[in-house]
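Undergrad: Here you go, one structure.
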Amino acid sequence: NAEYMGSLDLLDDRMSRQWQRRAPRPVSSAQGFVVFVRGLHEETRVDDLFELVGGAAEIADAQIVRLTPRRKVGLLMFDTEASGDAALRAIAGKGLVLGRRVSADWAFAPS
């Protein structure tokens, strides 16, 4: 069983390194590293975004932008790329705000 668990850890490490090579690296903005959160419920509050990330990363600032009366996006600002990466992993793991599936990605990535 320990041998099996060790091989799972090795596979997880390989997949993580492969994802890091393929994922676009973010570009820092004046606000730091920014993550978009899409698919928010119309009643989502800033506190819900902090709960979504939990203790996985330190959020420097968070805002909700209303695009239309029923459509909102969240903006999460981080001081470091590592914090943003941790938040993206946390959101991918949970992915629900007020019962609605959300997605997240870097706001500014090189094209």
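The values are calculated or read from the model by the stated rules, or taken from the named source; none is laboratory data. Everything numeric in this text was worked out from a predicted model, so none of it was measured. Backbone-built Cβ (ideal geometry, glycine too); neighbour counts: all protein chains shown.
Undergrad: For the stretch 59-85, what are the residues that are in contact with a Ser or Thr (Cβ under 9 Å, 6 or more places away or on another chain) and among the hydrophobic types (A, V, I, L, M, F, W, C)?
TA: The answer is Ile59, Ala60, Ile64, Met77.
Undergrad: Turning to a different aspect of this structure: Which residues, taken from the stretch 51-105, are closer than 10 Å to Val37 by Cα and among the charged types (D, E, K, R)?
TA: Lys72, Asp105
Undergrad: Residues in the stretch 63-80 that are more than 18 Å from Ala92 (Cα to Cα), free of Cβ contacts under 8 Å to residues at least 40 places away in the same chain and of a type outside the set (Ser, Thr, Tyr): how many?
TA: Selection size over the stretch 63-80: 9.
Undergrad: I've got another one for you. Which ones in the stretch 95-104 are surrounded by 14 or more Cβ atoms within 10 Å (Cβ to Cβ) and either within 16 Å of Arg45 (Cβ to Cβ) or at pLDDT 90 or above (or both)?
TA: Answer for the stretch 95-104, where residues must be surrounded by 14 or more Cβ atoms within 10 Å (Cβ to Cβ) and either within 16 Å of Arg45 (Cβ to Cβ) or at pLDDT 90 or above (or both): Val97, Val102, Ala104.
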